[in-house]
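What follows is a set of notes on a single structure, which appears directly below.
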Amino acid sequence: MHRRLFLFLPLLLIACDLGSVAVPALALATPTAPPALTFSPIPPTATLTLSPTDTITLTSTSTCTPTGTATSLPTGTPTATPNLFSYVFPIQPPELAGFSGGGHPYPATDIFAPAGTKFVAVTNGTVDQVTSVDTWNPTTNIASAQAGLSVRILGDDGLHYFGAHLSAIARGIHPGVWVPAGQLLGLVGNSGDARFTNPHVHFEVSNPNPPFTKLDPFPLLTAWLAGRQITPLLPTP
């Protein structure tokens with residue numbers, strides 16, 4: 001019995017020693033913070049800035065006061081019509097130009113300026129007519145040659161803009177070419193039946209459709225010279 005006890009005792013001590021061994025505790029990983037999410041900013045709400053030609057319209061209703069007097073009250077939401085086209089004065093620099101109303105039996109304005117002054121597109125448009133050779137003869141005075149060197153564009157606004165009596169046509173200007181407002185079209189001169197007058201550009205604005213009604217350019221030129229973005233109203237017969 002004692003012999004067995006002595007044999008078992010070492011095993012018991014070994015077991016006790018093993019039980020006293022410190023088992024390292026498992027370290028818990030510190031949780032990683034989720035990545036910060038970023039969002040694209042919301043596009044700003046479009047705002048409408050009125051130009052001098054914008055119009056505001058209101059509908060109205062009539063009501064009666066106790067005295068029986070009718071009053072008109074605006075209702076509805078104001079609506080604005082923005083000016084979609086840009087315009088520049090056709091002579092650049094404009095301080096070299098001089099012009100006045102009238103002078104022709106039909107709507108047109110002669111803009112006087114030194115020979116060689118720039119004549120530019122008053123608005124965006126497509127060149128649809130160019131006369132690059134002066135064939136006017138004072139003896140025959142053929143009407144189709146009276147304009148001399150000339151350029152006409154069909155504006156994106158739907159109107160024809162015509163300049164005549166030029167001394168030169170700008171390089172690259174030919175029918176089918178789209179030009180922006182301010183694009184050089186030619187140079188001021190006195191070609192055609194203006195040969196014996198001071199250099200100027202004979203300027204016209206007209207409806208491109210029959211009966212080709214012309215507009216008076218003078219008030220338009222006055223507005224554009226002042227920097228006002230006035231869109232001509234398409235003329236009707």
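A few points about this structure:
- Scanning the stretch 83-128 for residues that are among the small types (Gly, Ala, Ser) and in a strand (DSSP E or B), we see that the one that is surrounded by the most Cβ atoms within 10 Å (Cβ to Cβ) is GLY125.
- Some residue of the stretch 140-156 being under 29 Å from the mean Cα position of the chain (by Cα) and of a type in the set (D, E, K, R): yes
- Evaluated against (1) without any contact (Cβ under 8 Å) to a residue 60 or more places away in the chain; (2) in a loop (DSSP other than H, G, I, E, B); (3) out of contact with any strand residue (DSSP E or B) (no Cβ under 6 Å at 6 or more places or on another chain), ASP134 falls short on exactly one condition, (3).
- Unmet criterion (only one of (1) without any contact (Cβ under 8 Å) to a residue 60 or more places away in the chain; (2) out of contact with any strand residue (DSSP E or B) (no Cβ under 9 Å at 6 or more places or on another chain)) for ARG228: (1)
- Here the condition is being over 22 Å from GLY116 (Cα atoms), among the hydrophobic types (A, V, I, L, M, F, W, C) and at pLDDT 95 or above; of VAL205, VAL201, it holds for VAL205 alone.
- Residue among LEU185, LEU221, LEU166 that is modelled with pLDDT of 95 or more, within 30 Å of the chain's Cα centre (by Cα), within 17 Å of TYR106 (Cβ to Cβ) and not in a loop (DSSP other than H, G, I, E, B): LEU221
- Complete set of residues in the stretch 200-215 that are assigned to a loop (DSSP other than H, G, I, E, B) and buried (at least 18 other Cβ atoms within 10 Å of the Cβ): ASN207
The values are calculated or read from the model by the stated rules, or taken from the named source; none is laboratory data. Values in this document were obtained by computation on a predicted structure and should not be read as measured data. Methodologically, a virtual Cβ is constructed for each residue, glycine included, from the backbone with ideal geometry; neighbour enumeration extends over all protein chains shown.
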